[in-house]
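Participant: Next up is a structure, given as C-alpha coordinates.
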Amino acid sequence: MIDTYFNDTPMKQWTVTGLALLFGSRQLLDDYQKRKPYSAMITRAKLMVENKYELMLDSRSTTGAIFALKNFGWVDR
(Lines give C-alpha, C1' and ligand atoms only; values in the text may rest on other atoms or scores of the structure.)
Protein backbone atom coordinates (compact mmCIF):
# COMPACT_ATOMS: atom_id res chain seq x y z
CA MET A 1 0.00 0.00 0.00
CA ILE A 2 2.74 2.43 0.93
CA ASP A 3 4.75 1.76 -2.24
CA THR A 4 1.62 2.30 -4.33
CA TYR A 5 0.99 5.61 -2.55
CA PHE A 6 4.45 6.93 -3.36
CA ASN A 7 4.45 5.54 -6.91
CA ASP A 8 0.98 6.82 -7.82
CA THR A 9 1.01 10.16 -5.98
CA PRO A 10 3.09 13.06 -7.31
CA MET A 11 5.84 14.01 -4.83
CA LYS A 12 4.30 17.46 -4.45
CA GLN A 13 1.21 15.83 -2.92
CA TRP A 14 2.94 13.51 -0.42
CA THR A 15 1.66 14.09 3.11
CA VAL A 16 1.45 12.21 6.39
CA THR A 17 -2.31 12.63 6.15
CA GLY A 18 -2.21 10.94 2.76
CA LEU A 19 -0.41 8.01 4.37
CA ALA A 20 -2.91 7.99 7.23
CA LEU A 21 -5.79 7.70 4.78
CA LEU A 22 -4.31 4.38 3.62
CA PHE A 23 -4.65 3.03 7.15
CA GLY A 24 -7.97 4.68 7.94
CA SER A 25 -6.80 7.33 10.40
CA ARG A 26 -3.78 9.12 11.77
CA GLN A 27 -4.11 7.14 14.99
CA LEU A 28 -4.02 3.81 13.13
CA LEU A 29 -0.91 4.91 11.23
CA ASP A 30 0.79 5.76 14.54
CA ASP A 31 -0.38 2.48 16.08
CA TYR A 32 1.05 0.48 13.18
CA GLN A 33 4.33 2.39 13.51
CA LYS A 34 4.64 1.01 17.05
CA ARG A 35 4.26 -2.59 15.83
CA LYS A 36 7.53 -4.37 15.15
CA PRO A 37 6.77 -5.71 11.63
CA TYR A 38 5.58 -2.29 10.38
CA SER A 39 7.73 0.15 12.34
CA ALA A 40 10.64 0.54 9.90
CA MET A 41 8.34 0.72 6.89
CA ILE A 42 6.12 3.47 8.31
CA THR A 43 9.06 5.39 9.78
CA ARG A 44 10.70 5.38 6.32
CA ALA A 45 7.44 6.52 4.67
CA LYS A 46 7.15 9.46 7.07
CA LEU A 47 10.82 10.26 6.46
CA MET A 48 10.12 10.41 2.70
CA VAL A 49 7.38 12.97 3.35
CA GLU A 50 9.73 14.92 5.63
CA ASN A 51 12.40 14.84 2.91
CA LYS A 52 9.92 16.32 0.45
CA TYR A 53 9.37 19.28 2.77
CA GLU A 54 13.10 19.72 3.25
CA LEU A 55 13.58 19.87 -0.51
CA MET A 56 10.88 22.56 -0.66
CA LEU A 57 13.11 24.86 1.42
CA ASP A 58 14.97 25.62 -1.81
CA SER A 59 11.87 27.19 -3.39
CA ARG A 60 10.52 30.74 -3.23
CA SER A 61 7.72 30.09 -0.78
CA THR A 62 9.07 28.14 2.19
CA THR A 63 6.52 29.04 4.87
CA GLY A 64 4.48 25.86 4.50
CA ALA A 65 7.58 23.67 4.39
CA ILE A 66 8.98 25.32 7.53
CA PHE A 67 5.68 24.80 9.35
CA ALA A 68 5.57 21.12 8.30
CA LEU A 69 9.19 20.50 9.31
CA LYS A 70 8.58 22.03 12.74
CA ASN A 71 5.78 19.48 13.16
CA PHE A 72 8.39 16.82 12.37
CA GLY A 73 10.44 18.14 15.30
CA TRP A 74 12.76 20.55 13.51
CA VAL A 75 13.68 23.77 15.36
CA ASP A 76 15.05 27.16 14.34
CA ARG A 77 18.56 27.95 15.50
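Participant: Report, to the nearest whole %, how much of the accessible area of the chain belongs to carbon and sulfur atoms, 1.4 Å probe, protein only.
Facilitator: Here it works out to 54 percent.
Participant: Hey, another quick one. Heavy-atom accessible area per residue, the range 14-77, 1.4 Å probe: how many Å²?
Facilitator: 72 Å²
Participant: Only Lys, Arg, Asp and Glu count, each charged at its Cβ (+1, +1, -1, -1), so figure out the dipole size of the chain about its Cα centre, rounded to 20 debye.
Facilitator: 160 debye
Participant: Still on this model: List the equivalent ellipsoid semi-axes of the chain in whole Å, largest first, each obtained as the square root of 5λ for an eigenvalue λ of the Cα gyration tensor.
Facilitator: Working through the eigenvalues yields semi-axes of 23, 15, 10 Å.
Participant: I need the peptides 30-38, 57-65, 15-23 ranked by packing, meaning the mean over residues of other C-beta atoms within 10 angstrom, with the highest value on top.
Facilitator: In descending order of packing, they fall as 15-23, 30-38, 57-65.
Participant: Among the lysines, select those whose C-alpha is under 29 Å from the C-alpha of K12, and discard any that sit fewer than 8 residues away in the same chain.
Facilitator: By straight Cα distance, K12 reaches K34, K46, K52, K70.
Participant: Please give the calculated 222 nm ellipticity per residue for the chain, where each DSSP H segment of at least 4 residues contributes -39500 (n - 2.57) and the sum is spread over every residue; nearest 500 deg cm²/dmol? Write down the numbers at each step before the final one.
Facilitator: On the way: 5 runs with 54 residues, N = 77.
Roughly -21000 deg cm²/dmol at 222 nm, from the helical runs in the chain.
The values are calculated or read from the model by the stated rules, or taken from the named source; none is laboratory data. Please read all numbers here as calculations on a predicted model, not as lab measurements. Cβ: placed from backbone, ideal geometry, glycine included. Neighbour counts: every protein chain shown. Note: accessible area is taken over every heavy atom of the protein model, side chains too, but ligands, DNA and RNA are not part of it. Shrake-Rupley method; radii C 1.70, N 1.55, O 1.52, S 1.80 Å.
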